[in-house]
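In what follows, a single structure is set out as C-alpha cells and then discussed.
No lab work stands behind these numbers, since they all come straight from the coordinates. Bear in mind that the values here come from a model prediction, so they are computed numbers and not experimental data. Cβ sites come from the backbone with ideal geometry, for glycine too, and all protein chains shown count toward neighbours.
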Amino acid sequence: MIKLFVTDLDGCISHPFKTPDWEAINRIRELNLESRKSDHIPPITLCTGRPFPYAEAVAQWLDVRVPFIFESAGMFSWEGYHIETALSTSDGELNPILELKSWLKKEVIPNYPAAVLEFTKMMDAGVVCQDLEMNEQIHQRVLEKVGKDYPDLEVHATEISVNILMPGNDKLQGIKLLSEALDINLDEMAYIGDSSGDVPALKSVKMPFAPINAHQLAKNSGEVIELDTTKAVLEAYHRIIEYNRSF
C-alpha cells in the first residue's frame, strides 16, 4: 500500500517559465483532498530543489497538509510552522556554499543576462536561467569551479537551473526526513521526478515514476509515463490509487 505520493516541482507539477496546467493541477488538488476520506488515495507532497517560498506557494496550490521538502533536504512542517534541515546553518558548515553564492553573484550572473541567482536559498547555491544555451554554459563553469576548488560538493543541473549542494544534502535525504516525520517507510512511498537530482529518491521508493520530458537518467530509474509534466503527475496519481485498490 502506498501511503505517500511525493512529486518534484519543476518538470513535474509545472513546466518552468510556462503557464501552469491549472486544470490538471486542480484535479491533483481534488485527489489530495479526497485522500483525507479514502484509505486508497495517499496524500501528495513535494520534494523540490527550489527555495522555500516557491515550494510553499505550490503546496498551497495543492492544499498540501503534510510536511514538504524544499532545497532537496529542508523540511517544512505545518504543525508549529517548523523548518528542519539536514545541515547546520550556524557552525560554518555552509561556508563553501556562501563563498560560491558570492562567486556566482560577482563572476557568473553579470555575464548571462537571462540568469538569476536563487537568493532565498539557505542550504545550497542555485542559478535559474531560461536560456538553455546560457544555462549549459553556466553549468560547465560551475563544474569547473567546483571540481577545482570544492571537490566534495555536488553539482546538479536541469535544462533551466544549476545547483551546488553540500554532499548528502540531496533528495534522498529529503524523503528520509519525510519518512521519519510521518512514520512511513520508503517502500510505502511513490515518487515522480524528472532530473538527475531525483535519481537517488527514485531508486529508493516502492513506485518510482518519470514523465516523458524527464532526463534519461530519471527515466532509467522509474516507470516512464508517456505524458508531459503536470498530466504525468496526475496519471501517476491515478496509477497509485489503482495499485492501492488491489489490497
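Start at zero, step by 10 Å, and the Cα-Cα distances of the chain spread as 8, 33, 37, 18, 5, 0 percent across the bins. Here r is the Cβ-Cβ distance between residue 56 and residue 79 and R0 is 22 Å; the resulting FRET efficiency, rounded to 0.05, is 0.90. The alpha-carbon of residue 176 sits under 19 angstrom from the alpha-carbons of these lysines, leaving out residues fewer than 8 places away in its chain: 3, 203, 206. Within the range 1-112, DSSP assigns beta bridges of which about 60% are antiparallel (rounded to the nearest 5).
For every other residue with a beta carbon closer than 14 angstrom to the beta carbon of residue 118, add +1 if it is Lys or Arg and -1 if Asp or Glu, then tell me the sum. That works out to +1. Based on C-alpha pairs under 8 angstrom that are at least 6 apart in sequence, the range 95-165 has a relative contact order of 30 percent.
Peptide packing: for 143-151, 188-196, 25-33, 170-178, the average count of neighbouring Cβ atoms within 10 Å per residue gives the ranking 188-196, 170-178, 25-33, 143-151, highest mean first. For the chain, the dipole from Cβ point charges (+1 on Lys and Arg, -1 on Asp and Glu) about the Cα centre works out to 240 debye, to the nearest 20.
Within the range 210-247, whose backbone N sits under 20 Å from a point 7 Å along Cα→Cβ of residue 185? Backbone N within reach: 240-241, 243-247. Report relative contact order for the chain in percent, whole number only (criteria: Cα-Cα under 8 Å, sequence separation at least 6). With pairs under 8 Å counted, the relative contact order is 23 percent.
Report summary: the helix-based calculation at 222 nm, which adds -39500 (n - 2.57) for every DSSP H run with n ≥ 4 and divides by the residues of the chain, gives -10500 deg cm²/dmol.
Averaged across orientations, what area in nm² does the convex hull of the alpha carbons in the range 1-102 project?
That works out to 8.2 nm².
Since only 35, 146, 165 are under comparison, the one whose Cα sits farthest along the positive direction of the charge dipole of the chain, derived from C-beta charges on Lys, Arg, Asp and Glu, is 35.
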